[in-house]
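The next block holds one structure in the form of structure tokens; read it before the comments.
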Amino acid sequence: MKIKEIVSLTNGSLITGEENLEQLIERAFSSDLMSDVLTVRSDKLLLLTGLVNIQAIRTAEMSDICCVVFVRNKKVSEEMVNIARENRIAIIQTPYSMFKASGILYSAGIQPVY
Amino acid sequence: MQMHFEYSVEGGNFSQAGLTSSQVKKTLKQLNVNGAVIKRTVVALYEAEVNIVAHAYGGTILVDIDEEKIVIELRDEGPGIEDIGKTMEIGYSTATPEVREMGFGAGMGLSNMNNNSDLLEITSEVGKGTCVKIINHFKDDNNGNK
Ligand SMILES: Nc1ncnc2c1ncn2[C@@H]1O[C@H](COP(=O)(O)OP(=O)(O)OP(=O)(O)O)[C@@H](O)[C@H]1O
Ligand SMILES: [Mg+2]
């Protein structure tokens with residue numbers, strides 16, 4: 001599924017990452033625990049999280065995650081956007097809860113990691 | 001080719017955690033190292049870097065790169081580790097609530113570092129500090145598994 005479809009399915013807004021919109025996502029992982037995210041080896045991975053801080057973006061950077069969805073419209077700082085931009089990571093903000101956003105994307109065919 | 005870099009890490013400063021890992025990732029990309037090897041290396045390094053921020057007072061990261069491999073040494077001043085075997089167990093953590101709020105402190109880091117490095121060596125002196133050494137070879141002939 002393309003990142004632009006993830007934006008529309010989650011009723012989200014794209015905070016940064018215009019150039020990522022056509023990129024393909026195969027799997028998603030929903031977690032607030034970055035230690036756990038760092039153990040995932042899948043490619044074309046989407047991260048859904050309620051943890052809105054720089055470490056969420058750094059974790060995506062190290063794990064080659066090209067798109068992060070922040071749930072419940074939590075505010076994304078300018079520094080997070082800068083680091084994401086520098087590393088070509090798309091940020092989507094959705095009003096939905098982690099449960100709802102994950103459920104919608106799962107039903108739409110995105111695979112789980114486990 | 002022989003490259004050497006040194007970085008310093010501040011304990012407790014989460015906003016800076018990952019800066020070194022980020023810089024090392026950029027260097028490895030410029031050197032056209034295999035993507036899977038880069039990911040393994042920077043995941044292991046990032047875990048170790050966050051451990052200094054989370055568990056120590058500060059430290060230095062030394063990085064040496066040649067044609068074949070990257071050698072990373074993270075030396076910190078901190079409380080040290082009494083029982084290294086125990087800290088390798090998944091779930092063992094002494095992380096503070098502040099660290100947990102940052103998304104860490106599950107006690108998964110050291111075993112993940114072990115899974116993402118060809119060689120992981122930890123030495124520590126209680127009351128002084130810890131030294132973590134990571135070596136990864138650029139030829140990805142083990143498919144990321146030990
Ligand atoms: N550099 C260090 N200095 C002192 N103690 C450390 C250091 N690194 C790790 N430890 C000790 O080892 C424990 C386990 O480390 P590990 O990285 O596996 O888990 P964590 O950092 O607690 O949580 P996680 O890595 O899952 O976010 C830590 O909680 C801490 O007690
Ligand atoms: Mg850790």
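List of remarks:
- Residue that is surrounded by the fewest Cβ atoms within 10 Å (Cβ to Cβ), among those in the stretch B:81-125 that are over 26 Å from A:Val52 (Cβ atoms) and within 6 Å of ligand 1 (Cβ to nearest atom): B:Tyr92
- Scanning the stretch A:15-53 for residues that are within 13 Å of ligand 1 (Cβ to nearest atom), crowded, with 18+ Cβ neighbours inside 10 Å and part of a helix (DSSP H, G or I) yields A:Met34, A:Ser35, A:Val37.
- The one condition from (1) more than 20 Å from B:Phe14 (Cα to Cα); (2) within 13 Å of ligand 1 (Cβ to nearest atom) that B:Gly59 does not meet is (1).
- Residue check, A:Met62 out of contact with any Phe, Trp or Tyr (no Cβ under 8 Å at 6 or more places or on another chain), within 11 Å of chain B (Cβ to nearest Cβ), buried (at least 23 other Cβ atoms within 10 Å of the Cβ) and of a type in the set (A, V, I, L, M): no
- Scanning the stretch B:112-134 for residues that are farther than 18 Å from B:Val53 by Cα and polar (S, T, N, Q) yields B:Asn114, B:Asn115, B:Asn116, B:Ser117.
- Members of the stretch B:24-43 that are closer than 19 Å to A:Ala56 by Cβ and not β-branched (Val, Ile, Thr): B:Lys25, B:Lys39
- Matching helices (runs of 4 or more DSSP H) fully within the stretch B:80-130 where at least 1 residues are away from ligand 2 (no atom under 13 Å from the Cβ) and within 14 Å of another protein chain (Cβ to nearest Cβ): B:97-101, B:109-115
- Filtered by the rule that a residue be in a helix (DSSP H, G or I) and closer than 17 Å to A:Ile83 by Cα, the stretch B:1-28 gives B:Leu19, B:Thr20, B:Ser21, B:Ser22, B:Gln23, B:Val24, B:Lys25, B:Lys26, B:Thr27.
Every number in this text was worked out from the coordinates using simple rules, so none of it is lab data. Just so it is clear, the structure is predicted and the values come from calculations on it, not from any experiment. No Cβ is skipped: glycine too gets one built from the backbone with ideal geometry, and neighbour counts run over all protein chains shown.
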